[in-house]
Protein chains: 2
Amino acid sequence: MQNRFIDKLSHYVDLSADEVAALTRATAVGRKVVAKTDLIREGDRPGPVFIMLDGWAMRYKILPNGSRQIMAFLMPGDACDLHIGLLAEMDHSIQTITSGRVATISRTEMDEMLDQHRGIARAMYVAQLADEGTLRAWIVSMGRRSSLERVAHLICELFVRARWSDVAEAAFEVPISQIILADALGMTPVHINRMLRHLRTRDIISMRRGSISIMNPSALASVAGFDENYLHRRARLPA
Amino acid sequence: MQNRFIDKLSHYVDLSADEVAALTRATAVGRKVVAKTDLIREGDRPGPVFIMLDGWAMRYKILPNGSRQIMAFLMPGDACDLHIGLLAEMDHSIQTITSGRVATISRTEMDEMLDQHRGIARAMYVAQLADEGTLRAWIVSMGRRSSLERVAHLICELFVRARWSDVAEAAFEVPISQIILADALGMTPVHINRMLRHLRTRDIISMRRGSISIMNPSALASVAGFDENYLHRRARLPA
DNA sequence: CGCTGGATTGACTCGGATCAAGTCGAGTGG
DNA sequence: CCACTCGACTTGATCCGAGTCAATCCAGCG
């Protein structure tokens, strides 16, 4: 049974056997969670760091007028902010999209790990920089891309991120409903549907209730104008 | 002569005299820069961490079609990412908006400082979390706020962030042109102009070539639906 | 004193939202 | 096993916010 968190960090930095052991220990216990569970809510006082071992989640915020904006997706191997414990309260909520498994690491445990294992600290910091790059790329999409490009770009990003810590599969399935896509991209479900139809009639994707499958990744990337640079999948080699 | 970087970090965490001294030493030398200087460009291999001692800057990206998207503003006291040195290459550029002064801290110097001074490390991590919160708030604005609200929200944020590490002034001036506002909010300068006119006729702001002054902050916040929570100006007290 | 780049304003267009009516698939309880 | 229900998806008609295009103004500057 693989641990996608360790897989992901190993991609950034070559971890020592010690470090892998420490990470394995820290993420050994995983709590099962069903879909649509809030892992933490806006206004809550942050608890331990948590890590998605399995299943997808999202960061989101509900506005006073009731509309929702999704700001990030967490997939297996992704963690919430390392230093989340320094905050007085959360400025957004995190909810699971699918069922899955979540590990938690207490603040002191995390601090010790970062202190004693330089490789782990390095890898986690690179992961955090990649997360920030993803947020910035999201802003670029919302500001300066057409709705078709936006949809294609997000699906493309999810495809690349998921396949990385995942076994490569020919047709990849993204467990995201059209409503979630809409709230992530600042559009209406109606218009998302039309853009997806567009991609479907070109045989780039196919759709099922609650998920989207990528049939032709390179065509998708071309529609999106996708450049994976911002994901920083190769960190700088040690100076 | 004040050091706004230290001012800002002191707001997050009570720094010891030692820590203040270390920060003072690290940011003693400031290079003067004129407006519209690229401090670092997309694709560059990152160098030292840098800190805005004086003047404003922005993070931005130019798309293949030539359009620009601004993703963040840096103002006095703000720093680029702490661990920027871990990346193989930059995924965006940073350019000064006004003239100003910039300090740089080498990677090894930074690592030592974070190791030896827990307070500095804490404060910097909180600052980074606030930056991330700001990125997420930006996404919320672009996705789910009307253009008038978006404009008001951004001006409001800049007002709050600037006044914090700044002396409180009644009418605050933001050194941002309408073109920059447009590229930050994913709109056209024409439309920005119309929204600003709207705010001006209500005596909420006033405008000059290249800058905007806030006359009535609370009316502005009310138009924007502004909630400063995401700026995390009060970190959690030590557990 | 003319040049340049921001700011301003009006006329027109169009992408995406809104409104409205379905369809379809997966649970759920009887 | 079937009827019901609920939530996601689909599609068409219409509307409006914001973009586009174009002309002009204006301040600072070489």
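The values are calculated or read from the model by the stated rules, or taken from the named source; none is laboratory data. These numbers were taken from a predicted model, which means no experiment stands behind them. Glycine gets a Cβ as well: all are built from the backbone with ideal geometry, and neighbour counts include every protein chain shown.
Key figures
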item: Subset of segment B:200-215 (residues that are of a type outside the set (Lys, Arg) and either within 11 Å of DNA strand C (Cβ to nearest atom) or in contact with a His (Cβ under 7 Å, 6 or more places away or on another chain) (or both)); result: B:201, B:205, B:206, B:207, B:210, B:211, B:212
item: Candidate set: segment B:62-77, residues that are buried (at least 21 other Cβ atoms within 10 Å of the Cβ) and in contact (Cβ under 8 Å) with a residue 24 or more places away in the chain; chosen: the one farthest from the other protein chains (Cβ to nearest Cβ); result: B:76
item: Residue check for residue A:194: over 17 Å from the mean Cα position of the chain (by Cα), at pLDDT 95 or above, charged (D, E, K, R) and over 26 Å from residue A:60 (Cα atoms); result: no
item: Residue within segment A:149-172 that is touching a His at 6+ places or on another chain (Cβ under 9 Å), within 14 Å of another protein chain (Cβ to nearest Cβ) and farther than 23 Å from residue A:38 by Cα present; result: yes
item: Residue selected from segment B:195-207 under the condition loosely packed, with under 14 Cβ neighbours inside 10 Å and not hydroxyl-bearing (Ser, Thr, Tyr), by the criterion farthest from DNA strand D (Cβ to nearest atom); result: B:203
item: Residue B:133 touching a residue at least 40 places away in the same chain (Cβ under 8 Å) and away from chain A (no Cβ under 14 Å); result: no
item: Residue within segment B:144-151 that is over 30 Å from residue A:85 (Cβ atoms) and free of Cβ contacts under 8 Å to residues at least 12 places away in the same chain present; result: yes
item: Residue among A:9, A:53, A:15, A:23 that is among the aliphatic types (A, V, I, L, M) and either touching a Ser or Thr at 6+ places or on another chain (Cβ under 8 Å) or assigned to a strand (DSSP E or B) (or both); result: A:53
item: Scan of segment B:208-237 for residues that are surrounded by 15 or more Cβ atoms within 10 Å (Cβ to Cβ), away from chain A (no Cβ under 14 Å) and either without any contact (Cβ under 8 Å) to a residue 12 or more places away in the chain or away from DNA strand D (no atom under 16 Å from the Cβ) (or both), ordered by number; result: B:214, B:215, B:216, B:217, B:219, B:220
